[in-house]
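Written out below as structure tokens is the structure these notes cover.
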Amino acid sequence: MNVVDAYAQSIVSGALPAGKYHKLACARHLRDRAREGTPEFPYRFDLEKAMLFFRFAEKLKHYKGEWAGQTIHLEPWEQFITGSVVGWVHIKTGNRRFRTAFTQVPRKNGKTLIAAIMLLYLTFFDGESGAEGYSVATKRDQSKIVFNDCKQLVQSSGLKKRIKVMVANLHRADTASKLEPLGADHDSTDGLNPNVVVVDEMHAMKDRGMLDVMETATGARRQPMIYEITTFGDDPVSPWGDQHDYACKILDGTLVDDTFYTFSAHADPEDDWMSPETAKKANPNYGISVNPEDLASKVLKAKGIPSAAATYKQKHLNLLVNASNPCLSVVAG
């Protein structure tokens, strides 16, 4: 069994702890694998495409913190997400199945680094001449976080021989491809032709202006990708709320969209939010990039401060909380 299927099986079987929609995302993958070759399902999982991405990622190096200088190692859950996004293809065209990837993971689980690797790969190594890659957020400073990760990954690896690094631009001359950060001033984005867009911290977006512009602009590409990363938000009536609801309906089976990939790591409302087991369930990088002692200290503070409890539940457990009154959190316990 390949690594992507094996991870999905470990979640569905209960061998690894996971919340409802984490399990449903894995069940969807296994169900789709079983549908391959049937008349109503025009997609197949191309393991070699997934492995190519894994090999690319694991040639790059960490550039900060305790792992600085060490080669990146993709955890099984990261292989599941990225392998699914890159590996599922249309049986006739060979183009990627998924056009949007909506991933919700609590803080400090390394989702930004993975998004930066995906942005580099799909901009410069996707076989798309003149590819344009963009890191997008509500403010340009925020969009520079993923972009700066891309810069550092290039500079700390052999990629710097092929990709030119500028202050606010990465480009590769032989493929005429470029990568840049963009803020949410969507009036200034006319004329863009993105192959891949990473949307950082989508929960902070107040309107769909930038998203609509980017989704419209990808129309000329063979296999564009809008790769959205976020923690849970607190406003169900927002671009994040709409996307979260759409993703849940797909995983619940009430809506079908075979081009929309979604993954959420989260606790469930009935869980004891103060328990280390709940923290482990919600954080796939628990004990790796997520420090158990740090979470324990946040829980200790949250026990006596309702607003701190709401923040912990939302940002570290990916639970929905009441935005206007933390004391009325739907996950209070």
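Couple of notes before you dig in:
- Every test in (1) at pLDDT 95 or above; (2) more than 20 Å from the chain's Cα centre (by Cα) is passed by Val237 save one, and that test is (1).
- Listed by position, the strands (runs of 3 or more DSSP E) contained in the range 125-182 that have at least 3 residues being farther than 16 Å from Asp200 by Cα are 170-172.
- Scanning the range 41-99 for residues that are of a type in the set (D, E, K, R), within 24 Å of Ile11 (Cβ to Cβ) and in a loop (DSSP other than H, G, I, E, B) yields a count of 4.
- The single condition from (1) buried (at least 16 other Cβ atoms within 10 Å of the Cβ); (2) of a type outside the set (Lys, Arg); (3) under 24 Å from Gln314 (Cα atoms) that Asp141 fails is (1).
The values are calculated or read from the model by the stated rules, or taken from the named source; none is laboratory data. Please read these numbers as outputs of a predicted model, since none were measured by experiment. Don't worry about glycine lacking a Cβ; one is built from the backbone with ideal geometry, like all the others, and counts go over all protein chains shown.
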